[in-house]
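Peer 1: Questions regarding the structure given below will be posed in turn.
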Amino acid sequence: MKKLISIIMAVVLAMSVCSVMATAADSDVSLTDGKLILATGSEKGTAAKFAFGETVYGEIAEDEIACYSIFAEEAENTKISLRSSEKVEITIENSDGTYSTTLTNNTSFDAPVILSDGYYFITIKNYVEAPADNEGENEGEGTPEGAAADADTVTEFYFSITCDEMPELFVNINKKEAELTSGESVQLELSDCTVENLNYYWRVFDDPATKIDENKVASVTPDGLVTIKMTNPSFTSDTTIKVQAVIYYGNAELTKSCTIKAIPANIFLNPYFDTSDEYCLKLGVGAYRGIEATTNLADGILKWENGDEAVATVSEAGKITATGISTTTVKVTLYDKDGNKILSNSIKVVVSDNYTSVMGVTLDAHTASVRANESFALTYKFETLPDNGKAPSNSKVTFISSNPEIATVDVDGNVTGVAEGTATITIVTEDGSYTDECKVTVTKGIPNWLMVIVAPLRLIYNLILMILGK
């Protein structure tokens, strides 16, 4: 009983395998499968060169001929292997015409060939069936050579020629890493190759683990020019991809890869605002702000667009002016050089009669002198819109010293001399980023022994001023 079950299972398995093979034979699976179609000519003078051990992919229409050439030097026990989607005829001959052989078969064969030193040409064309007997035809009209392939048929094929002593393949790539912004390109090429006339094709490597359609991130031309095209708004962060050169040599697939950090197209605003309540642009009536918009897209074009002009307008240069009390949105849009819209950044503008905008700031002094180890205070005043006498709604400022080794400044504007020299103290408003400067000269400080004498005198002087109300 067990033997009977085993036999039945074996028969079922065999039938399944045959079914799969038949299905595969009748399928439309491409033999080239996107691989390099090696540029060929139909004559020896335009034949494409290839190397021993390399797999050559090609295709021919019904009436086309593909011609390739290979140089044989000390090549012993050579063999040609071919797979094709239709029957083909292959002719191998040397350059001086003293040797020629024609191989015709089905769509798959492996055959020995005799190649001595010199150039050889391999010609491939669709196989023509031998003509049938044509009874009753008139003499002298000629006999057709046979039935040609279907005129619409494109035959795909790949073949290789191997020998016992194939050279060992070593190859490198000119760039193993690169960082490109959307629209930028890099030229990749192979180098240090130990096999002459080696052919290969480029592809953007599709790694299922990344869950990224990498062909939407980058494109590569047949000669290895990679261009980043992350202009889809769905790309919001940097992405790492691989571009590979694929070589088929000695029944093995060899790849050389370049890892590319792809940076998507983006719009940068300075100062930064968006549509959130926290980072919206708040203005008093009549106030304005200049927004600098830039992009990392090569040849990108930025255009500003108004919202409700009764509330705020925006100029072509990004100057936003408050015109009335309410809320609106202005937008800057990025287009590529062909006018295709890439993405937009929007800014919520809130104009209120309760908001007083900073429109400038002025320090009480623009030059000052201080001894080392001594201090003085800088004061300032604001310009505002509307000019309603109210304090700015946002009165935060920052003080910055251009050279803290000469003079320092604290958050309240107190400047302290450190060493002889000059430094510039800058005040910056948080609202509007307005600035003003004071150039400070620091002189030599009073010696410590003299400070012991001067300090009590200075204290008495300050007490007298207090008594006099000064």
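The values are calculated or read from the model by the stated rules, or taken from the named source; none is laboratory data. As the structure is a computational prediction, the values presented were derived from the model and not from experiment. Glycine gets a Cβ as well: all are built from the backbone with ideal geometry, and neighbour counts include every protein chain shown. When the accessible area is computed, the model is the full protein with side chains, heavy atoms only, and any ligands, DNA or RNA have been set aside. Shrake-Rupley method; radii C 1.70, N 1.55, O 1.52, S 1.80 Å.
Peer 1: With all protein chains present, calculate the accessible area of THR323 using a 1.4 Å probe and round the result to the nearest 10 Å².
Peer 2: Its heavy atoms expose roughly 70 Å² to the probe.
Peer 1: Restricting attention to segment 267-327, which trypsin sites (Lys or Arg not before Pro) occupy a DSSP loop and are surrounded by at most 13 other Cβ atoms within 10 Å?
Peer 2: Sites meeting the loop and neighbour criteria: none at all.
Peer 1: Then there's this: Leaving ligands, DNA and RNA out of it, work out the accessible area of CYS438 with a 1.4 Å probe and give it in Å² to the nearest 10.
Peer 2: Looks like 0 Å² after rounding.
Peer 1: Sticking with this structure for a sec: Under unit Cβ charges (Lys, Arg +1; Asp, Glu -1), what dipole magnitude, rounded to 20 debye, does segment 240-363 have relative to its Cα centre?
Peer 2: That gives a dipole near 380 debye.
Peer 1: Still on this structure: May I ask for the net charge around THR231, where only other residues with Cβ less than 10 Å from the Cβ of THR231 are counted and Lys, Arg are +1 while Asp, Glu are -1?
Peer 2: Every neighbour counted, the sum reads +2.
Peer 1: Below 11 angstrom from the Cβ of LEU302, what's the summed charge of the other residues (Lys, Arg +1; Asp, Glu -1)? Walk me through the numbers on the way to the answer.
Peer 2: On the way: positive: LYS303, LYS331; negative: GLU292, GLU305, GLU316.
That works out to -1.
Peer 1: Right, here's the next one. Count neighbours as other Cβ atoms within 10 Å of each site's Cβ, and list the chymotrypsin sites (Phe, Trp or Tyr not before Pro) in segment 259-360 that are DSSP loop with at most 15 such neighbours.
Peer 2: Details: sites: PHE268, TYR272, PHE273, TYR279, TYR288, TRP304, TYR335, TYR355; in loops: TYR272, PHE273, TYR279, TYR355.
Listed in order of number, the matching sites are TYR272, TYR279.
Peer 1: Quick one: order MET166, MET466, MET230 from most to least accessible surface, probe 1.4 Å.
Peer 2: Final ranking, largest accessible area leading: MET466, MET166, MET230.
Peer 1: May I pose another question? With Cβ to Cβ distances under 10 Å as the rule, what net charge do the other residues near SER395 carry (K, R +1; D, E -1)?
Peer 2: After counting each charged neighbour, the total is -1.
Peer 1: Which distance in Å, rounded to a whole number, links the C-alpha centroids of segment 107-127 and segment 57-86?
Peer 2: 6
Peer 1: Sticking with this structure for a sec: Enter the accessible area of ILE464 (Å², nearest 10), with the probe set to 1.4 Å and all protein chains included.
Peer 2: My reading of the accessible area for ILE464 is about 90 Å².
Peer 1: Where nothing but the Cβ of Lys and Arg (+1) and of Asp and Glu (-1) is charged, how large is the charge dipole of segment 39-101 around its Cα centre, in debye to the nearest 20?
Peer 2: Approximately 160 debye in magnitude.
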